[in-house]
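Take a look at the structure below.
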Amino acid sequence: MSEFDQYARKYDATVNDAIAFSGLDVDFFTKAKSDDLLRTVARHRSPLGELALLDVGCGIGNYHAGWTSHFREVHGIDVSVESIDVARASNPGAQYQSYDGLRLPYGDGVFDVLVTICVMHHVPPAQWPALVSEFKRVLKPGGLALVYEHNPLNPLTRRVVDKCEFDVDAVLLWPRPTRRLFEGAGFEKVRTRSILTVPPLNGLLAAADRAMGWQPFGAQFALEAKA
């Protein structure tokens, strides 16, 4: 049984409790990263309707309602069976399965896009190289990997992590070592950028947030890499 099974029915409430001081909620941050993903994938690979996407560590599938209408296929996988049950009930247009957290149960070169959102900090650091190698294996040549992670340089992010019940054992990743991790697995054109430096509450602020991606203090960072 995964430790995250106990949060499958209260995931949103747990996160909302941790971020309550910000005046924002989990749906806001979900939409912000979902929009960023769609924009980023379209910049690298299009049309989206021809692409198959895998979300590793998908949890309860909060992002997938916004993706199934864009991509040819959306797949989600997680170690939490309970979370997969919730995701499957909420998103009939996506395909789900649980696994043991080690080898991804897919063939080589299956997916055009792979994304993992605030997942790697829950994986023991000793397992990071094997996990990233699995990302590379299941992506098609030239496929796109996207990683969204908490930025340890941001004090508000650290406050959220400290307050969140299921982040008690989190090991936050730093952008530069994470880039090296992906380069070591054979990925190319690896880059990171800050996101959520300012809350993208409207079009103007969203544009400002994208323009500030070069600086290191956003609440989270996004990594892009080509297989």
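Taken together, the values in this text are just the output of simple stated rules run on the coordinates, not laboratory data. Note that the coordinates shown come from a computational prediction; the quantities given were computed from them, not determined experimentally. Glycine also receives a Cβ, built like all others from the backbone with ideal geometry; neighbour counts cover every protein chain displayed.
Can you say whether Asp108 is closer than 23 Å to His150 by Cβ and acidic (Asp, Glu), as far as the supplied structure shows? Talk me through it step by step, then tell me what you get.
Working: closer than 23 Å to His150 by Cβ: no; acidic (Asp, Glu): yes.
Taking the combined requirement at face value, the residue does not satisfy it.
Close contacts from the range 209-222, counting a first residue that is in contact (Cβ under 8 Å) with a residue 40 or more places away in the chain and a second that is surrounded by fewer than 16 Cβ atoms within 10 Å (Cβ to Cβ) and of a type in the set (Phe, Trp, Tyr), with Cβ to Cβ under 9 Å and a gap of 6+ residues or different chains, come to Phe221/Trp174. Being closer than 26 Å to Ala65 by Cβ and basic (Lys, Arg), is that true of even one residue in the range 114-136? No, because not a single residue in the range 114-136 is closer than 26 Å to Ala65 by Cβ and basic (Lys, Arg).
Specify which of the listed residues (Thr14, Thr40) is part of a helix (DSSP H, G or I) and touching an Asp or Glu at 6+ places or on another chain (Cβ under 6 Å).
Among Thr14, Thr40, only Thr14 is part of a helix (DSSP H, G or I) and touching an Asp or Glu at 6+ places or on another chain (Cβ under 6 Å).
Checking each residue in the range 191-200 for being more than 13 Å from Asn154 (Cβ to Cβ) and free of Cβ contacts under 8 Å to residues at least 60 places away in the same chain picks out Arg191, Thr192, Arg193.
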